[in-house]
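Read the structure below first, then the notes.
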Amino acid sequence: MQLVELNFQTWLRWALWLVVGFAVVFPGIVAYMVWLERKVAARFQDRIGPNRVGPLGLLQPIADAIKLITKENIVPRSADRVVHLLAPILVLTSAFLVMAVVPFGVGLVPVDLPSGLVYLIAVSSMSPLGIFLAGWSSRNKYSLLGAMRAVAQLVSYEVPQILATIPVVLWAGSLSLVTIFDRQLEFGWYVFSPPGLLAFATFLIAGVAEVNRTPFDLPEAESEIIAGYHTEYTGMRFGLFFLAEYLSVFGISCVTTVLFLGGGTPIPFLEFPVDLLGGSTASLALVNLILLAVFLLKVLFFIFVMFWIRATLPRMRVDRLMNFAWKYLVPLSILNVFFAGIWYEMVIRPGGLTFANWLRGTLVTGVLVVAAVYLTFLLNRKLVESKPIDADWPSVAPATESAR
Amino acid sequence: MASILFLVIAAIGLATALGTVLSRNLVRAGLYLVAFFFAIACLFVLLEAEFLAAIQVLVYIGAVAILLMFGIMLTRDTLGDDTTAIPVGWMIPGLFGGLCVFTVLAVGINNSIAPSGWTPWSGTTSRPSIIKQESDPEPAWVAERREAVNDMGRVIGVELMTRYVVAFELAGLLLTAALVGAIALAHRADSAPKPPRSVEQAAGSGPGADPPSEAGEPVASSLSP
Amino acid sequence: MVAHNYVFIGLLLLFAVAFAAAPLLVVALVAPRKRSSTKDDVYECGVRTHGETWVRFRIQYYIYAIMFVVFDIETVFLYPWAVSYGGLGMFALVEMIVFLTMLGAGLAYAWAKGALRWA
């Protein structure tokens, strides 16, 4: 893996990525994600959603942006102004930096870092600090409370998220996202294997919790703690948090697609031919177009799933949330590392991917994964039965019954 | 170009370190420390150790800084203002002690002794390139070093599993011991819920003495009509 | 020389800060500015705040942070193992099983002690 030369071509490529990708395309995608969410949520609730501003309400994000900019910038008198300003910048920076390593196609990656996945996890772990600073600097009891709860939640779900990426790294043998994307051409998408499926589910759930989406959106629960850590943020400062959240949703969907669904490849187990029309630039452009289209389709699917979950599920209670992370997801993720090792020994180490290998690996690890999931739930239930105080579901008989 | 970059990053690091020590507000001092951790991560990148830079950000900024902030919240009031004052009589001896440490470090690092057969680090003037150049022949260790720099995670993993296995397992044991110790010290098994304090008690102990509970309800004492 | 790719990361960092600061600059120019003492107060459902802003800080938050630190460092060890696993044999799996068992024992201890009970 060579590190690049700093010549004119590299600077040009980077300038294009910055000016076109990060300044125009990603914020555009994020703005229209907001519109899409409102439309989708509206359809789920049997209404229409924004349809006044422009055809189908398509100019709604622009109207929202203009509204936010023209709002008065109110900061509480006793707030710490510097930190109050710094917090949304930190969260937004963390969201942007995540997108820098995602391979959208062959050669369509802003930078290909040799330790890309660790970089990604490191950068996305900066946002809890930003959220804590937002809550602290507002000098508001509710903000601080919301911020501490938010940080506790984010930090608890980061462990299963990181542990869920370990099987992927194990099978790909590299931390670079481009190599992970390449390896899935040889060994099929990582989701089509029992440990991979468990890791995918864990990563998705932990990812939804990491971006504070329903059902894990207790930090921003409007009905419970006013607005949590961004109570004292008005106008465009709130707009920055909003932008950062939706950018993170996009980022998590992109990363899930690359790690588990093989990026933009349309068919799971076949190698996508890069030289479809010969080795020319036109062929590469065509291939990249197809890969990019399929990639965006998959990302759109995950985003739609997140919107769907938001429209459907209620918010989780905070102790159930934390219990789910530490008592269900973390043990399952740790066991999943073993199962991933077993899958590796059975399927990847013998060499190429053959149907017999895959079937054998699936059967063995499938049984193990199902047993692990069942045992985890059973263990939790048994522990709660012996010590009812630990329950996060009603397990103690109500007082009226025992008084009778 | 690299030396200019290094000077800039080192200056930023120095400034943030000074900010940490001199700041009166603890949370701001913590923030300066976070900026210092980030400067260290940039220095790791300059030293071609990008895996370590990512680990530095992940562990220090992602975990230790948050732990630090929670610790400040736990032990001080949430404003983070430092309520301790440095006694004036300690400042001069403190400065003198700091200068002594600095002198020892500067002299020690600049006149470093190397293992026999190696040149001391201060004798090296350049690092071998990590981009393969076909022109001139290179000793084997340069190729090995290039591979290590370009794929640091794998090389560290191999070393951890083969040469440093005992250290690795001991690190795991140390982590578990730290976890058990922290839980044993910090967690008090209070199973019986405390009896709720009446409103009169809360009003009697003055403002600010009964902070809002978990549910976020403000004390209603002064709201009575 | 330096790892060139990170120059882009540095540029992106500066870009992200500028991208965040630009709308705020526009706001400073465009938005109305009608200060009033009520607007500058801290928000508490329309009630004036009384008492110091401090929350009964529960030790539970600190315990979750400590658990996160320990498991974060565990993942720091897991990543190099995962990357290098292909080139090593079964003994690497055994070593990692030992490591993870120790950490699993720590988690089980925390669970049994009730340290994981409630945020």
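List of remarks:
- Residues in the stretch C:76-119 that are under 16 Å from B:V166 (Cβ atoms), more than 8 Å from chain B (Cβ to nearest Cβ) and in contact (Cβ under 8 Å) with a residue 12 or more places away in the chain: 1 in all.
- Output for the stretch A:37-52, where each listed residue is farther than 15 Å from A:M306 by Cα and β-branched (V, I, T): A:I48
- For the residues B:D81, B:D136, the requirement of being under 24 Å from B:R24 (Cβ atoms) and modelled with pLDDT under 70 singles out B:D81.
- Only one of A:I267, A:I226, A:I290 that is on the phi > 0 side of the Ramachandran plot, at pLDDT below 90 and of a type in the set (A, V, I, L, M, F, W, C): A:I226
- Within the set A:A95, A:A63, A:A134, A:A87, the sole residue that is within 11 Å of chain B (Cβ to nearest Cβ) and either modelled with pLDDT under 90 or closer than 26 Å to A:V19 by Cα (or both) turns out to be A:A87.
- Test: residue in the stretch B:177-192 that is surrounded by 12 or more Cβ atoms within 10 Å (Cβ to Cβ), at pLDDT 90 or above, more than 7 Å from every other protein chain (Cβ to nearest Cβ) and farther than 28 Å from A:G173 by Cα: yes
- Total residues in the stretch B:10-26, condition touching a strand residue (DSSP E or B) at 6+ places or on another chain (Cβ under 9 Å) and assigned to a helix (DSSP H, G or I): 1
- Number of residues in the stretch A:13-57 that are away from chain C (no Cβ under 12 Å) and assigned to a helix (DSSP H, G or I): the value is 21.
- Residues that are aromatic (F, W, Y) and surrounded by 22 or more Cβ atoms within 10 Å (Cβ to Cβ) were ranked within the stretch A:325-339; the one that is farthest from the other protein chains (Cβ to nearest Cβ) is A:F339.
- Only listed residue being within 14 Å of chain A (Cβ to nearest Cβ) and surrounded by fewer than 11 Cβ atoms within 10 Å (Cβ to Cβ), chosen from B:M1, B:M91: B:M1
- Single residue of A:T179, A:T202 found to be in a helix (DSSP H, G or I), under 30 Å from A:T354 (Cα atoms), within 12 Å of chain B (Cβ to nearest Cβ) and polar (S, T, N, Q): A:T179
- Boolean, C:F68 is in contact with an Asp or Glu (Cβ under 8 Å, 6 or more places away or on another chain), assigned to a helix (DSSP H, G or I), within 7 Å of chain B (Cβ to nearest Cβ) and over 30 Å from A:P350 (Cβ atoms): yes
- Counting only helices (runs of 4 or more DSSP H) wholly contained in the stretch A:299-389, the ones carrying 2 or more residues that are assigned by TED's automatic domain parsing to the domain that holds A:T202 occupy A:318-323.
- Failed item in (1) at the interface with another protein chain (Cβ under 7 Å from one of its Cβ atoms); (2) more than 30 Å from B:L58 (Cβ to Cβ); (3) at pLDDT 85 or above, with C:T53 passing the rest: (3)
- Taking the criterion of being farther than 18 Å from C:L13 by Cα and among the β-branched types (V, I, T), the residues of the stretch A:8-60 that qualify are A:I29, A:V30, A:V34, A:V40, A:I48, A:V53.
- Scope the stretch A:313-349; condition modelled with pLDDT of 90 or more, among the hydroxyl-bearing types (S, T, Y) and out of contact with any Pro (no Cβ under 7 Å at 6 or more places or on another chain); matching residues: A:Y328
The values are calculated or read from the model by the stated rules, or taken from the named source; none is laboratory data. In this text the structure is predicted, and so the values were computed from the model without any measurement. No Cβ is skipped: glycine too gets one built from the backbone with ideal geometry, and neighbour counts run over all protein chains shown.
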